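Asks: Mind having a look at this structure? Questions to follow.
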Amino acid sequence: MGDLDRPFPKLPIPGKRNILITSALPYVNNVPHLGNIIGCVLSADVFARYCRLRGYNAIYICGTDEYGTATETKAMEENSTPKQICDKYHAIHREVYKWFNISFDEFGRTSSPQQTEVCQAIFKKLLDNNWLSENTMKQLYCDKCERFLADRLVEGTCPTEGCNYDSARGDQCENCGKLLNPTELINPRCKQCKNTPRIRDTNHLFLELPQLKDKLVSYIESMSVAGSWSQNAIQTTNAWLKEGLKPRCITRDLKWGVPVPLDEFKDKVFYVWFDAPIGYVSITSCYTPDWEKWWKNPDNVELYQFMGKDNVPFHTVMFPSTLIGTGENWTMMKTISVTEYLNYEAGKFSKSKGVGVFGNDAKDTNIPVEVWRYYLLTNRPEVSDTLFTWSDLQAKLNSELLNNLGNFINRVLSFLAKPPGLGYGSIIPDAPGADSHPLTKKLAGEVGKYVEQYLEAMEKVKLKQGLKTAMSISSEGNAYLQESQFWKLYKEDQPSCSIVIKTSLGLVYLLACLLEPFIPSFSVEVFKQLNLPLEQASLCDEKGDIDRAKRPWDILPAGHKIGTPEPLGLHVVACALMLMGIGKDEEVEDYRRRFAGSQADRLERDEAEKAAKLAEQLKKKASVSGGKKQQAKKPASEANSKGSVEREISITRLDIRVGLIKKVQKHPDADSLYVEEIDLGEGDCRTVVSGLVKYIPLEEMQNRKVCVLCNLKPASMRGIKSQAMVLAASNSDHTKVELVDPPPSAVVGERVTFQGFEGEPDDVLNPKKKVWETLQVDLQTNSDLIACYKDIPLTTSGGVCKVASISCGSIR
């Protein structure tokens, strides 16, 4: 899974930095939600990718945790076997993580034969070393089901005063959060048959944590410092130690699990807390038969583990105690990276209740995976809980991905790609004297500091800080371009312009490397546009990459020809803001409504909507057949929208008309926006919102004829619905914007035409079909200042449409 395709497994290499990375094994009884994904697998993936970029010898191990009560319970709910449940959800998890571009070296399962072999071997070592004891427990037994009931197979009334929740589980009350023992429940009942169970004695095996305490504390005190454990991990671990360690039961009266290899316990399996962490080892044994070179090699291997805060004691107390108890030379965890909770809108993500956005939901939104990765990582709850909101997702897309990163990439690559006389014909220029160019020298100093800060943050697994630092380099690049005024330098001082462009291209390459761990598909796209193999991405000290990053003009060679820049210069941003529509307030509200409530609520709501649509269709069908009325021929656009064949994307599908601005004022809630009332010959004026305040004075907008795109889907902009879009042209660095002007004699309301193209426009452009986005790329002004589509002028009855001074500008 991921982007790895190696014929042979990696093994530790003497003299190199060997890093073993694991993330908490996601439980297999449900689809992972975004909180699960950022809490373990995504965070570990970022660090694994970073390690590979640095040239470290790293492997990333994960898999599904499949044994235990929750699987048996899910199997009962779905009327299947535990094995069928595990097969079903393992495949779902694998597909979700594949879509999220998680680059595991091995993604396995704890229900494998290797798990049984490794788990039983560790158990026998503990038994031989006398770290296990036998004790009798009182447990609820269901006579009808003829079985002891695990915690989650019992329900009853919560005994906590003031709660009285009547569906509390045997391990915890979901209403008040109180941790419980099954025997504490009032009026307990078997979850499967609903009968009242009775208390019965049963023998179990316990790991003697109190006797292992001295060895455990010694490990914690040394490694928490050496590995720079996160504060939340240290606090949780110390709380467990302060409370006092107690013998911990490692067996359960279940059928689905690793069997206990003792005759007197043949009907029992290992408890999931004991079995699951051993899964890291067994999954590595599936990756390579030489797994001990990773797991029993503490002098040459560093173990990094990623998880949510609820998993901390299992990894800092229980699993280390288990390994210590074997007496073998295990690779012990060096660094633990712990996240707090990612909450959803006004509540919490919940797998059991189906609340929040789940992995398969994210895929179905049509929001690109890189947008999800970026947003989750900027919102990673490293110190305290963070909140997912759709409006915050929208804001980060606009301000960070589009206006910062996308803008910088686009300005650099599109200028370089312009033909000679306007740009460099896609050939990287030479830049002698860059190291003495004052503005460039200043930039290099700032970039060098940011690169050092990035490395420091990433080495300490402060991933959110690393991402923020990388994005700061993009901000520096934008400021550098603006201050240099490279578009003027091209005409007035070409040697200096070449320095600025070559240096900026170095920053584009550097950003693609620094951001590869976070948004890998972005890096793939940038390297493609740079016409370079992705394998070249590197941040290795040995190759001189870090030193070269401090001299960005030296990163890419002069004479190299880049590929073809994409619109906006960034696939992710183009998709995020143009294709999915998330940049519009109404779309944000639609996502919020769509994912409100639990998954069950959504399913019920979807079924109701389908039923309503079906009823409406039947009603219309009955009306048509009963009335027997002759229908007039429908316009091509409407006929197409109802038909099964998608129309060719042609300029005729745009409804561009001549409009007259009758009234204009500044938006009451946005300083950069105008609100116009435009006459389009329809009787009533249309309200249009335009971001033109800083480019065109108010008095120049009044009573002016303009070209208006009339069939975009209406969009709410800061509370005012815009019913069309005024066309304007901008120069290459977006510092100058001018309206596209129809001739003075053009008739208000007439449609703008294109010679050689005929056809009716769509009633409303479907944003999912990308018609406007596809056509907009070829809308531009020529050297004669005429507005054109592929060199064909925008034409009215009074002549062609033009701009005042921007040649070779982009129209949008």
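Asks: Filter region 400-436 down to residues that are surrounded by fewer than 20 Cβ atoms within 10 Å (Cβ to Cβ) and more than 30 Å from Ser810 (Cα to Cα), then give me how many there are.
Replies: 4
Asks: Exactly one of (1) open to solvent by less than 10 Å² (accessible area, probe 1.4 Å); (2) part of a loop (DSSP other than H, G, I, E, B) is unmet by Phe274. Its number?
Replies: If we test Phe274 against (1) open to solvent by less than 10 Å² (accessible area, probe 1.4 Å); (2) part of a loop (DSSP other than H, G, I, E, B), just (2) comes out false.
Asks: Quick one: which of Lys88, Lys98, Lys138, Lys125 is within 30 Å of Leu212 (Cβ to Cβ), assigned to a helix (DSSP H, G or I) and out of contact with any Phe, Trp or Tyr (no Cβ under 6 Å at 6 or more places or on another chain)?
Replies: The unique qualifying residue is Lys125.
Asks: Which of the residues that make up region 220-264 are of a type in the set (A, V, I, L, M), over 16 Å from Pro210 (Cβ atoms) and in a loop (DSSP other than H, G, I, E, B)?
Replies: Hits for region 220-264 are Leu254, Val258, Val260, Leu262.
Asks: Please verify whether region 756-766 includes one or more residues that are among the aromatic types (Phe, Trp, Tyr), in contact (Cβ under 8 Å) with a residue 60 or more places away in the chain, under 19 Å from Ser650 (Cα atoms) and buried (at least 19 other Cβ atoms within 10 Å of the Cβ).
Replies: Looking through region 756-766, none of the residues is among the aromatic types (Phe, Trp, Tyr), in contact (Cβ under 8 Å) with a residue 60 or more places away in the chain, under 19 Å from Ser650 (Cα atoms) and buried (at least 19 other Cβ atoms within 10 Å of the Cβ).
Asks: Go through (1) touching a Leu at 6+ places or on another chain (Cβ under 8 Å); (2) modelled with pLDDT of 95 or more; (3) not hydroxyl-bearing (Ser, Thr, Tyr) and name the single condition Glu221 misses.
Replies: In the conditions (1) touching a Leu at 6+ places or on another chain (Cβ under 8 Å); (2) modelled with pLDDT of 95 or more; (3) not hydroxyl-bearing (Ser, Thr, Tyr), Glu221 misses (1) alone.
Asks: Moving on. What are the residues in region 177-199 that are part of a strand (DSSP E or B), in contact (Cβ under 8 Å) with a residue 12 or more places away in the chain and open to solvent by 90 Å² or more (accessible area, probe 1.4 Å), if any?
Replies: Hits for region 177-199 are Asn187, Arg198, Ile199.
Asks: Would you confirm whether any residue within region 462-483 is more than 29 Å from the chain's Cα centre (by Cα), open to solvent by 50 Å² or more (accessible area, probe 1.4 Å) and either closer than 30 Å to Asn379 by Cα or acidic (Asp, Glu) (or both)?
Replies: Within region 462-483, one or more residues are more than 29 Å from the chain's Cα centre (by Cα), open to solvent by 50 Å² or more (accessible area, probe 1.4 Å) and either closer than 30 Å to Asn379 by Cα or acidic (Asp, Glu) (or both).
Asks: Condition check: more than 14 Å from Ser504 (Cβ to Cβ) and surrounded by 16 or more Cβ atoms within 10 Å (Cβ to Cβ). Does Gly448 satisfy that?
Replies: Working: more than 14 Å from Ser504 (Cβ to Cβ): yes; surrounded by 16 or more Cβ atoms within 10 Å (Cβ to Cβ): yes.
It is true that Gly448 is more than 14 Å from Ser504 (Cβ to Cβ) and surrounded by 16 or more Cβ atoms within 10 Å (Cβ to Cβ).
Asks: Hey, among the residues in region 154-176 that are not hydroxyl-bearing (Ser, Thr, Tyr) and not in a loop (DSSP other than H, G, I, E, B), which one's surrounded by the fewest Cβ atoms within 10 Å (Cβ to Cβ)?
Replies: Gln172
Asks: I'd like to verify a number: residues in region 466-485 that are touching a residue at least 12 places away in the same chain (Cβ under 8 Å), of a type in the set (A, V, I, L, M, F, W, C) and closer than 17 Å to Ala444 by Cα, how many? So that I can check it myself, show each step before the final result.
Replies: Taking region 466-485 first, the residues touching a residue at least 12 places away in the same chain (Cβ under 8 Å) are 466-478, 480-484.
Next, only the ones that are of a type in the set (A, V, I, L, M, F, W, C) stay: 467, 470-471, 473, 481.
Of the ones still in play, those that are also closer than 17 Å to Ala444 by Cα are 470-471, 473, 481.
Total satisfying the criteria: 4.
Asks: Looking for something out of contact with any helix residue (DSSP H, G or I) (no Cβ under 8 Å at 6 or more places or on another chain), part of a helix (DSSP H, G or I) and open to solvent by less than 30 Å² (accessible area, probe 1.4 Å) - is there at least one such residue anywhere in region 292-299?
Replies: No, because not a single residue in region 292-299 is out of contact with any helix residue (DSSP H, G or I) (no Cβ under 8 Å at 6 or more places or on another chain), part of a helix (DSSP H, G or I) and open to solvent by less than 30 Å² (accessible area, probe 1.4 Å).
Asks: May I pose another question? Restricting attention to region 244-257, does a residue exist that is open to solvent by 10 Å² or more (accessible area, probe 1.4 Å), closer than 25 Å to Ser228 by Cα and out of contact with any strand residue (DSSP E or B) (no Cβ under 7 Å at 6 or more places or on another chain)?
Replies: Checked against the condition, which is being open to solvent by 10 Å² or more (accessible area, probe 1.4 Å), closer than 25 Å to Ser228 by Cα and out of contact with any strand residue (DSSP E or B) (no Cβ under 7 Å at 6 or more places or on another chain), region 244-257 yields at least one hit.
Asks: I would also like to ask the following. Between Lys309, Lys293, which is among the basic types (Lys, Arg), under 30 Å from Phe206 (Cα atoms) and out of contact with any Leu (no Cβ under 7 Å at 6 or more places or on another chain)? Lay out the reasoning, then the answer.
Replies: Details: Lys293 fails: out of contact with any Leu (no Cβ under 7 Å at 6 or more places or on another chain).
Result: Lys309 is the single residue among Lys309, Lys293 that is among the basic types (Lys, Arg), under 30 Å from Phe206 (Cα atoms) and out of contact with any Leu (no Cβ under 7 Å at 6 or more places or on another chain).
Asks: Only one of these is touching a residue at least 12 places away in the same chain (Cβ under 8 Å), within 25 Å of Asn366 (Cβ to Cβ) and open to solvent by less than 30 Å² (accessible area, probe 1.4 Å): Ser730, Ser722. Name it.
Replies: Ser722
Asks: OK, next. Restricting to region 142-151, give me the number of residues that are outside any loop (DSSP other than H, G, I, E, B) and open to solvent by less than 30 Å² (accessible area, probe 1.4 Å).
Replies: Counting residues in region 142-151 that are outside any loop (DSSP other than H, G, I, E, B) and open to solvent by less than 30 Å² (accessible area, probe 1.4 Å) gives 2.
Asks: So how many residues does region 327-378 have that are surrounded by fewer than 21 Cβ atoms within 10 Å (Cβ to Cβ), modelled with pLDDT of 80 or more and assigned to a strand (DSSP E or B)?
Replies: 3
Asks: Next question, about the same structure. So for region 83-92 (the condition being open to solvent by 30 Å² or more (accessible area, probe 1.4 Å), more than 24 Å from Asp263 (Cα to Cα) and in contact (Cβ under 8 Å) with a residue 12 or more places away in the chain), does at least one residue qualify?
Replies: Within region 83-92, one or more residues are open to solvent by 30 Å² or more (accessible area, probe 1.4 Å), more than 24 Å from Asp263 (Cα to Cα) and in contact (Cβ under 8 Å) with a residue 12 or more places away in the chain.
Asks: Still on this structure, please answer the following. Just to be sure I understand the filter: pairs with C-beta atoms under 8 Å, separated by 6 or more residues or on different chains, first member in region 376-389 and more than 12 Å from Phe518 (Cβ to Cβ) and touching a residue at least 12 places away in the same chain (Cβ under 8 Å), second member assigned to a loop (DSSP other than H, G, I, E, B) and of a type in the set (Lys, Arg). Which pairs pass?
Replies: Note: pairs meeting the criteria are Glu382/Lys462; Thr386/Arg380.
This table checks each residue for (1) touching a Phe, Trp or Tyr at 6+ places or on another chain (Cβ under 9 Å); (2) open to solvent by less than 10 Å² (accessible area, probe 1.4 Å).
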| site | (1), (2) |
| --- | --- |
| Pro12 | yes, no |
| Leu20 | yes, yes |
| Asn29 | yes, no |
| Pro32 | yes, yes |
| Gly35 | yes, no |
| Ile59 | yes, yes |
| Gly68 | yes, yes |
| Asn79 | no, no |
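Asks: Still on this structure, I have one more. Please verify whether Phe123 is modelled with pLDDT of 95 or more, open to solvent by less than 40 Å² (accessible area, probe 1.4 Å) and in contact with a Pro (Cβ under 8 Å, 6 or more places away or on another chain), treating the condition exactly as stated.
Replies: When the stated conditions are applied, Phe123 passes them.
Asks: Hey, Val771 hits all of (1) in contact with a helix residue (DSSP H, G or I) (Cβ under 6 Å, 6 or more places away or on another chain); (2) at pLDDT 90 or above; (3) open to solvent by less than 20 Å² (accessible area, probe 1.4 Å) but one; which does it fall short on?
Replies: For Val771, the failing item is (2).
Asks: In region 496-514, how many residues are more than 18 Å from Lys418 (Cβ to Cβ) and surrounded by fewer than 23 Cβ atoms within 10 Å (Cβ to Cβ)?
Replies: Of the residues in region 496-514, 3 are more than 18 Å from Lys418 (Cβ to Cβ) and surrounded by fewer than 23 Cβ atoms within 10 Å (Cβ to Cβ).
The values are calculated or read from the model by the stated rules, or taken from the named source; none is laboratory data. These numbers were taken from a predicted model, which means no experiment stands behind them. Cβ: placed from backbone, ideal geometry, glycine included. Neighbour counts: every protein chain shown. These accessible areas exclude ligands, DNA and RNA; they are computed on the full protein's heavy atoms, side chains included. Shrake-Rupley method; radii C 1.70, N 1.55, O 1.52, S 1.80 Å.
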